[in-house]
């Protein structure tokens, strides 16, 4: 029986500890996993927090990969990587050691308590869209470049390209 693969897009972010090293470690963990194939990584961006709580800027990136894991197994893998990088239970707007969100999983639409795919806010966040644009200029319902321009006009969020992660 032939395995079925899905193209997955994830968003990664951190603003505590050493965010650049955490991104590199997450990428290494993804590369080493036997069910992750053809991994592509965006550039790294520094972005302003979306919280009114005082906190450092975030460092954000995105990845695209193929996997034969189910959506829930993919979620579990992302949570395991977050735990290895020190993610703890915190409230929604708290600073993060590392956070991974599944943005898209193939053409799946999932609305469960555990998992929302597509991620409900991905098209409204520059810190998700700019790294995704590095990987896929047209994705989902968006012309990503056009959406980024729209958000930059209507948003006070700062976003700055930092470096290649590879």
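The values are calculated or read from the model by the stated rules, or taken from the named source; none is laboratory data. Since the structure is predicted, the reported quantities are computational estimates derived from the model, not experimental observations. So basically every Cβ, Gly included, is an ideal-geometry build from the backbone, and we count neighbours across all protein chains shown.
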For region 46-66, state whether one or more residues are farther than 22 Å from residue 123 by Cα and buried (at least 16 other Cβ atoms within 10 Å of the Cβ). no
Residues being in contact (Cβ under 8 Å) with a residue 40 or more places away in the chain and either assigned to a loop (DSSP other than H, G, I, E, B) or more than 17 Å from residue 25 (Cβ to Cβ) (or both) - total across region 70-89: 6
Go through 104, 132, 162 for me and flag whichever is surrounded by 13 or more Cβ atoms within 10 Å (Cβ to Cβ) and modelled with pLDDT under 85. 162
Quick check: anything in region 45-56 within 25 Å of residue 133 (Cα to Cα), within 16 Å of the chain's Cα centre (by Cα), assigned to a strand (DSSP E or B) and modelled with pLDDT under 90? yes
